[in-house]
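Everything below concerns the one structure shown next.
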Amino acid sequence: AVGGYFIYLRVQERRVVTPFAGALIPFDRSYKNELLWGTYRPGVYFGVRSRTPDSVEMGMMWFSYNAHQLFLRHLCDQNDKLRYGWQQHDGRSFGYQEIIDDAVNISTTFVKRHNDQTNDWISRIAIGATASASNSKKNDTPKPTTGLFLYFDWRTRGSSNPFYSAESCRDHFPFCCLPKVSLLRRLFSLGVAAKSGAGLKLVGHTTQTPNLIVLELAVQPGFSLDVVYEPMRQETTRSNGLGSWKTPPLDTLIHAKKQAFRDKFHKVFQLIERGYNDEQNEFAQRVFSNLIGGLGYFYGESLVVSQWSSTPSKYWTTGLFTAVPSRSFFPRGFLWDEGFHQLLISRWDVGLTREVMTSWFNLMNADGWIPREQILGDEARSRVPDEFIIQNSEYANPPSFFLTIESMLDSLDPDRPDEVDKTLKFFEFAYPRLQAWYNWFNATQTGSLIGSYHWRGRNITTERELNPKTLTSGLDDYPRASHPGPEERHVDLYCWMAYGAGVLARVAEEIGENPLPYRTAELYMKQQERLDQLHWSDKHGFYADFGRHTDAVRLERQQAPRQLKPGQPAPQMPKVRVVDRDPKPGFVNALGYVSLFPLMLRLLDPSAATLGHTLDHLRSPNLLWTDYGVRSLARNSALFAAHNTEHDAPYWRGAVWINMNFLILKALKFYGEQPGPFQEKSQRIGQELRDNLVQNMYRQYQKTGYVWEQYVDGEGRGSHPFTGWSSLVVLIMSDF
Ligand code: 6A9
């Protein structure tokens, strides 16, 4: 008591599944009603739900007869080879989609009204014959009949059944009303493949309480159906049916909504003024609409492991409001994709962006970590192979939301003081979480050399991969050090951190917090000597990662074991990695997107010689330049277009990706505005690049009907339609 001794106990606790301690960012209360219902099921061709866990979900399925085979259409699936997508969608109250399935054309329209009293909506489903069907078939062929199913599905929880009991249901509805299980049996008996129950969530019980209502119809072109939703109000027990929708008539309302969409699109993006023709403008509208119409609400929990526990724990159960990269192939939230999606959405409706960011940042745990891929709920989980489901709380994903934040700050509109106010309020609430996020990177992703950074999550013991992947960086198979280890330094992560510090400083300034710590960090990291010392390779002449590396790796089929028993067939041996020369510590010889990061995130001084070299590489057709955009890896790079395993095709090894090209363009615009030796060159390359990207994506859209995940020699590749970050083509057209 006298001596003043003490024991200092410092324990680093990791609370992986504990929510961040600070206050949750509040959702905008004034949107609660307005944004309650929507087409928030992007993974089905058409689906409506509310942003509440227990929502009734509406969906649509149909049978397609093709070459005498019967297909059930429900989940968006690129093997269906349909052309579909939102042609207009305003993200709040209106969407119009067309789906072309061989001879049949299905349109889905979603219209919402809302005021303080109500948030009714109508979904109109209309069937038509496609042009090709009416041309090729003479009038004497009968009109095609489509088997159409509409369903209303809810999770049975306690007594929250929003409909009627089975008996009264049958009395009230002239269609079947039955537990999902029966429905599935019926679909099976019709010869539909078991394919995860045709995508229907099978609630794990077989009691006779209905949790699904299905309306089954045989319809022909010309058919149209309106589903009217009206919340049950206390004072009314009887529906007034279409009554309140009679004035104005629905057609008039839809017409007005379409026109309002076009007008707003014109005002926001001004494509006609920029010389694009009507068809190109239409293309841009569709791309944009399919992104914003892809906003979804998901509910459930992630599975998480950490270095402290390798058995997966459940993250807390939560909802997520997010756009998705691809409705067909990965209709769920991805952290770094979302930062890019919101660049576009925030231009249109910054309120939606605040809702989405609120949702994402509220997923932060006590350590400041946000899970990278969000696979929430059974429906989402049923579409993902097991090895992708588990998230690791040691692993990062680029903090691309800093791009969104910068763009929101750049476009604070003094003519909309209410929105400015809301956005700044949002930043006030978000600030502790943004800081925690940034600190989490600093606490977990630093390199062993002071001031450097290093993505965790590479597989050190791999035998099959030509170059162990770095999924966390978002650039998956982009070549890094051939032998992962603690000495690695990753230039892209260094740039994200320098850039993030600058954005955080700006946020701090705007909301009256102290920007100094972040400003200092930014300036420190932007010092050319620091950056160059860590990442400029004199030997190669470009910015590069550092690590134990050799180019001399290849895949070779393993020898079959010598002693085969008589009659035993030779086993098919896998290809394994062979290292012909020992790795040495040094810069990694892989010119590509990673080398461009100091340019992309605008870290370089406008007069830096390294900027000039980077521009030269970018513009060189022998290296990175193509007529269709800047490719991810230089053509002369050792792993250019190389498979990573015998089954793992090249992904970020040469293909053109639109999110990275967007950042390149943004940087070229920036350097084109800075007086200096490279100003004129930046402008020229920027214009060429913009035209190349837009022309090619538009051509590919005309040819194939899709926007694609990536482009190889100009051809669309990978998942499609991919109206995630590829939809940035709209911002590119509008010159941002
Ligand atoms: C595979 C397939 C039905 C890979 O766009 C999302 C991500 C990007 O964040 C990342 O940078 N994509 C890019 O390299 C797609 C990832 C898809 C993984 C899911 C499961 C399901 O099969």
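Please report the spacing between the Cα centers of segment 628-690 and segment 514-562 in Å, no decimals.
18
Can you give the extra length, in nm with one decimal, that the chain gains between residue 673 and residue 556 once fully stretched, where that is 0.36 nm per residue apart less the Cα-Cα distance?
37.1 nm
Whole-Hz ³J(HN,Hα) for each residue in segment 283-295, computed from phi via Karplus 6.51 cos²θ - 1.76 cosθ + 1.60 with θ = phi - 60°, x for glycine and proline: what do you get?
So the J values, rounded to whole Hz, are 4, 4, 4, 5, 4, 4, 4, 6, 5, 6, x, x, 4.
From the phi of every residue in segment 298-304, what ³J(HN,Hα) in whole Hz does the Karplus formula 6.51 cos²θ - 1.76 cosθ + 1.60 yield, where θ is phi - 60° and glycine or proline is x?
10, 9, x, 9, 7, 9, 10
So if each residue of separation counts as 0.36 nm, and I subtract the Cα-Cα distance between residue 713 and residue 540, what length gain in nm does that give? Please report the intermediate quantities before stating the final value.
Numbers: separation 173, 0.36 × 173 = 62.28 nm, distance 2.58 nm.
Here the answer is 59.7 nm.
With θ set to phi - 60° and the Karplus curve 6.51 cos²θ - 1.76 cosθ + 1.60, what are the ³J(HN,Hα) couplings of segment 467-481 in order, to the nearest whole Hz, using x for Gly and Pro?
With the stated coefficients, segment 467-481 comes to 9, x, 6, 10, 4, 4, 6, x, 9, 5, 9, 4, x, 10, 3 Hz.
List the lysines whose alpha-carbon lies under 26 Å from that of residue 539, not counting same-chain residues fewer than 8 positions away?
Excluding near neighbours in sequence, the set is 469, 526, 584, 681.
Taking square-rooted eigenvalues a ≥ b ≥ c of the alpha carbon gyration tensor, is segment 610-676 rounded, prolate or oblate, where a/c under 1.5 means rounded and, failing that, a/b exceeding b/c means prolate?
On the way: a/c = 3.09, a/b = 2.07, b/c = 1.49.
Prolate is the answer for segment 610-676, as a/c is 1.5 or above and a/b outweighs b/c.
What is the distance, in nm, between label points placed 7 Å from the Cα along the Cα-to-Cβ direction at residue 253 and at residue 622?
Between residue 253 and residue 622, the label points sit 6.4 nm apart.
Counting Lys and Arg as +1 and Asp and Glu as -1, what is the net charge of the other residues whose Cβ lies under 13 Å from the Cβ of residue 614? Mind showing how you got there, number by number?
Numbers: positive: 602, 619, 681; negative: 532, 605, 616.
Surrounding charge for residue 614 is 0.
State to the nearest 20 debye the size of the charge dipole of segment 672-736 about its Cα centre, where the only charges are +1 on K and R beta carbons and -1 on D and E beta carbons. Numbers along the way, then the final one.
Working: 6 positive and 8 negative charges, 28 e Å.
Rounded to the nearest 20 debye, it is 140 debye.
Under 5 Å between amide hydrogens, which residues at least 5 positions from residue 86 or on another chain qualify, with H placed 1.01 Å from N in the peptide plane?
Amide H neighbours of residue 86: 290.
Over 42 Å apart: what share of the alpha carbon pairs of the chain falls there, rounded to a whole percent? All intermediate terms of the calculation are to be shown ahead of the outcome.
Values: 87556 of 270480 pairs.
Summing the P(r) of the chain above 42 Å gives 32 percent of all pairs.
Find out how many positive minus negative residues lie around residue 335, taking Lys and Arg as positive, Asp and Glu as negative, among other residues whose Cβ is under 10 Å from that of residue 335. The partial results should precede the final answer.
Details: positive: 372; negative: 337, 338, 373.
The answer is -2.
Can you give me the long-range amide H partners of residue 552? Hydrogens built in the peptide plane at 1.01 Å from N, cutoff under 5 Å, separation of 5 or more residues or another chain.
Residues meeting the amide H criterion: 581.
Beyond a 24 Å Cα-Cα separation, which of these cross-linked pairs lie in this structure: 258/425; 258/669; 246/267; 267/422; 32/257?
On the way: 258/425 32 Å; 258/669 33 Å; 246/267 31 Å; 267/422 22 Å; 32/257 21 Å.
With Cα atoms farther than 24 Å apart: 258/425; 258/669; 246/267.
Across the Cα atoms of segment 1-107, what radius of gyration and what greatest pairwise Cα-Cα distance (Dmax) are found, in Å?
25.3, 93
Could you please state, rounded to a whole Å, how far the C-alpha centre of segment 328-401 is from the C-alpha centre of segment 578-598?
30
Among 361, 722, rank each residue by its count of other Cβ atoms within 10 Å, from fewest to most, as a rough exposure measure.
Numbers: 361 21, 722 27.
Ascending Cβ contact count within 10 Å gives the list 361, 722.
Every read-out reported here was derived from the displayed coordinates using simple, explicitly stated rules and does not represent laboratory data. Quantities reported herein were computed from a predicted structural model and do not represent experimental measurements. Here the Cβ is made from the backbone with ideal geometry for all residues, glycine too, and neighbour counts use every protein chain on show.
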